[in-house]
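Below is one structure, written out as structure tokens; comments come after it.
Laboratory data are not the source of any read-out in this text; all were calculated from the coordinates shown. On a predicted model such as this, the values are computed, not experimentally measured, just so you know. Cβ placement follows ideal geometry from the backbone for every residue including glycine, while neighbour counts extend to all protein chains displayed.
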Amino acid sequence: MNWLRFFRRNFWDEERARELQAYLEMETDDNIARGMGPDEARYAARRKLGNPLQIREEIYRMNSIGFVETLWKDLRYGARLLQRNPGFALVAIASLALGIGANTAIFQLIDAVRLRALPVENPQELAAVRIANYGRYEQPVNQGSHPEMTYPLWEQIRDHQQAFSGIFAWYEQPIHVRIGAEIQHVNGLVVSGDFFKVLGVAPLLGRVLTSEDDRPGCGSPGVMISHALWQRQFGGDTSVLGRKLIIEGQPFDVIGVTPAGFFGMEMDRHFDVAVPLCLLGGAGWLERRDFWWLAVAGRLKPGWPLDRASAHLQSISPGIFQATAPTGRDVREYLKLSLGAFPVGTGYSSLRKQYGEPLWLLLAIAGLVLLIACANLANLILARASARERELAVRLALGASRGRVIRQLLAESLLIASAGAIAGVLLARNLSRFLVSFLNVEVDLSMDWRVLGFAAAAALLTSMLFGLAPALRVTRSSPGAAMKAAGRGMTSTRERFGLRRALVVTQIALSLVLLMSALLFVRSLQNLLTVDTGYRHEGVLIAYLDASNANLPPARAKSINREWLDRIRATPGVYGAATASIVPLRSESWTLGIKAAGTRKQGQGSSRFSWVSDEYFRTMGAPLVAGRDFNQRDTPTSPKVAIVNEAFARELLDRGNPIGQTFRTAAEPGYPETLYEVVGLVRNTKYNDIRADFEPIVFAAASQLTDEATYAQVLIRSTIPLTQLTSSVRNTIRDVSPGIDVSFTALKTQILEKLLPERLMATLSGFFGFLAAVLATIGLYGVVSYMVTRRTNEIGIRLALGASRRDVVRMILREAGILLGIGLLAGTALALACGRAASSVLFNLHPYDPATLAIAIGSLAAIALAASLGPALRAANLDPMVALREE
Amino acid sequence: MPKRGAPPLEGDLIQGTLDMLILQALALGPAHGHTIAHVIEHRSEDVLQVEHGSLYPALHRLEDRRWISSFWGTSENNRKARYYRLTPTGRKQLTEQTGRWDRLVSAINRVLRPATG
């Protein structure tokens, strides 16, 4: 076989035909020369040659590959059929496109955050060093999205490990950068000296940061910028090297640009500038033994698999933790910790951490939708196939093998599935872009082979799913029976009907599961949105103020917080304003141990803390139950006072009036033991997570802190619209000093942002549930109408024999009702079985919630029965005479 | 329609020999299908009566194997015809196949007529 000839087989056929013609002419010439008459000569020549058509066919077959040839023919035949039925083609392709598109989009996201490797040399050699057993140890203070090490621990690991050929530590945080005149918030990557060397990242321009840059004291270090920032801010100008960036008020030389494909260690947050770790020395972060903020990873030496590295790290752990034990704290649990090595080839991802479970759940849900679409298509194809029964019977009777006919029917399905997959991939591109903007993350969404393979596999699988069963079924009956069945007086076989019923039952069952999950997620979100937080967060604006770049004289800087509050409170429309060290319902937290409370001199416990100004409770709409608010007499030198919530009073204080009772905090480095007197009591409020229960909270007076900060988070309640308030507060602050950095968020927005996973689940599962219900309804409608058409004769006889129209409607509805009932029963069982998978993402809602189940069943039953009412009425309105004469 | 599973040995033998005969006919120089058919017929003194049509699939196959190549030319009485010519591989094949054929024939002869050894 020759592939070239395969593609040119028609050319060769003509060529051979010409050649045979040439033979005939020559032989005829010869025969005439031998003395024959022209007709006789031509006839003799033909006889000599044999049948030219047969010869050509033999040669054509030599040029062809049987399988490909017939597949091609089948596809072309299928395409012609689809062209003749554009309505069917459109419905089929559109429903598959939706199904495959949704699956591909979600898979694309999973691929991007879960499966894709870091874009560095041999990512599989990388391993992270983490605590292998936290046990009962809790990190006292932490910061950032991957707090896995303290700096002293990192130093010890770096100096004592032998498993890695190179090792590095890193930390990500938002950084203020002044480029030209404007200050920008960018993603900063703070790295130890060997970061780029170990990862094998070569600079696109200039040089990378090295261990020379990361020395104690730092001097005047350089900064590397990402390719994206270079393009965005400097237009890709090569003269960027040596230019100065002002980062957090300090000048840095740009020493290099990283290549385009490298985005740091996080898959969904790409860095803009990279600076050495030593810079944080000034903040005291490098000495603190109780402050967790770094992530550590390295490249394993050849011959060091993960378990060997883990064993090695475990063996050096006791020494390391002994050497870094924090002073002034209980270190028993700390000394029990040990280190381990963990795979990190797919990088870090907060998206993965946060959405890992929801994404897989969504993929499962989208898969169910695709399954329902398949069942629907199978039903459609079955209906079409029965219309083509005669044609197929004729083909079978003429000697086509069953396999050949099945192959032809499958080719048609494959055609639909391929078209659906292509449309689905196009749809997925937009869908996943929408998802990413909804989630507000940076993800590399390029289609890779995994995504395309997924879509292709989905197409192939679905075409088999919806094509195979009908094809097998249609070709099973004997041609004779099929030919007869098309004639008068036969009702279709029960069995063939059975498959269609089974498909509809499956559809109903699956859509009930989807509808149920959609309702669960929507109700869970609703619970979260309406849960009592103890605050009235509607109408509260958060202003983030920072005067550290404003060059204020020290005396004024000291009282800037006070000045801000006074000015904001004087702004028209402002009802109340207060500062808070912890903005409620954001992720930040501050926890201190409580040593003694009330009359108990001993006892363990801990409480959340927030340092707030006066008017905080008025602003947040959480009025004091008893006692007083903070006031001007609460100064750094006066006795420390606190306002506690009811949970604190109940769990830690003595019974009776909490006002006037005292408690003591446990000492921590930088935070000596302090005695507080309770002066006020507030209702319970949520602290930093809307999903958590009420916890003990201490509100301490910000006015009693000794170091006055030059930044603040001001909560502002007002009666005017937030946009208007934003601009008037901005003006107020500009009047204080033009150099102050201001940004705003509504408290409500902030809460919604934290509920993104739930909102994603509710939105998408709601969409999928709706889609599933529509598909199932179409399926049921199709089957019932088909049933009515098939039984026109029978219904005509019944009517003629005296059945009332109501009887007919009842009969049809009963048939539909039975299908619906079985489907709902199976669906309920399935929904209950799947419930456990969803339980961890539901809030204040049981996965077997009976009310939700009842709503799902009720609504599905209602739309399904409504869908079958149409065909039933049509049947009842048949004219018996017309019905009997039909066919 | 011929049933599958008909005696293959005979078919193969004839097919293989036909290829060899064609190659031999072309050994003298390029020729078109008509000539090749007649050459085989005359040389065998009309013993080998091949259906001329069966020559063409064989030519097609040989060309596929690159043992012969073809071109359109003009015949002796001024008609367009497709001419075939042996390629170097074809020539090598011819020697090889004739050698094998000779060995086969003499072996069979030795079996059939042991006395005349």
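Observations on the model:
- Cross-link pairs exceeding 21 Å in C-alpha to C-alpha distance, out of A:K558/A:K595; A:K640/A:K686; A:K595/A:K640; A:K353/A:K754; A:K197/A:K301, comprise A:K558/A:K595; A:K640/A:K686.
- Space enclosed by the convex hull of the alpha-carbon atoms of the range A:305-348, per residue, Å³: 86 Å³
- Cα-only Debye scattering, the protein assembly as shown: base-10 log of I(q)/I(0) at q = 0.09, 0.10 Å⁻¹: -1.11, -1.24
- 222 nm mean residue ellipticity, helices alone, for the protein assembly as shown (DSSP H n ≥ 4; -39,500 (n - 2.57); rounded to 500): -17500 deg cm²/dmol
- Angle in degrees between helix A:52-63 and the longest Cα principal axis of chain A, rounded to the nearest 10: 20 degrees
- Inter-chain Cβ neighbour count for A:18-28, averaged per residue, equals 6 (cutoff 10 Å, partner chain atoms only).
- The angle between the Cα long axis of helix A:560-569 and the longest principal axis of the Cα atoms of chain A comes to about 60 degrees, rounded to the nearest 10.
- For the range A:176-239 versus the range A:284-332, the gap between their alpha-carbon centres in whole angstrom: 27 Å
- When both the range A:2-60 and the range A:335-398 are represented by their alpha-carbon centers, they are found 56 Å apart.
- Per the Cα gyration tensor, the range A:633-692 maps to an equivalent ellipsoid with semi-axes of 21, 16, 12 Å, ordered largest to smallest.
- All Cα-Cα distances of the range A:299-412, cut into 5 Å bins from zero to the largest, leave 2, 8, 9, 9, 7, 8, 8, 6, 5, 5, 6, 6, 5, 5, 4, 3, 2, 1, 0 percent in each bin in turn.
- Volume per residue of the convex hull around the Cα atoms, evaluated for the range A:149-301, comes out as 109 Å³.
- Residues A:M267, A:M447, A:M26, arranged from fewest to most other Cβ atoms within 10 angstrom of their Cβ, appear as A:M447, A:M26, A:M267.
- Likely footprinting exposure, A:R8, A:R407, fewest C-beta neighbours within 10 Å first: A:R8, A:R407
- 5 Å binning of all Cα-Cα separations within the range A:562-650, expressed as whole percents from 0 upward: 2, 10, 18, 22, 22, 14, 6, 3, 2, 1, 0
- Cys residues of chain A that find no other Cys beta carbon under 4.7 Å: A:C374, A:C834.
- DSSP-loop trypsin sites (Lys or Arg not before Pro) across the range A:640-707, with at most 16 other Cβ within 10 angstrom: A:K640, A:R655, A:R683, A:R691
- Sequence of A:C374, A:C278 once ranked by neighbouring C-beta atoms within 10 Å, starting from the fewest: A:C278, A:C374
- The angle separating the long axis of helix A:350-387 from the principal Cα axis of greatest extent in chain A is about 20 degrees.
- Part-to-part distance (alpha-carbon centres) for the range A:88-142 and the range A:761-788, which is given in Å: 30 Å
- In chain A, Cα pairs under 8 Å separated by at least six residues give a relative contact order of 14 percent.
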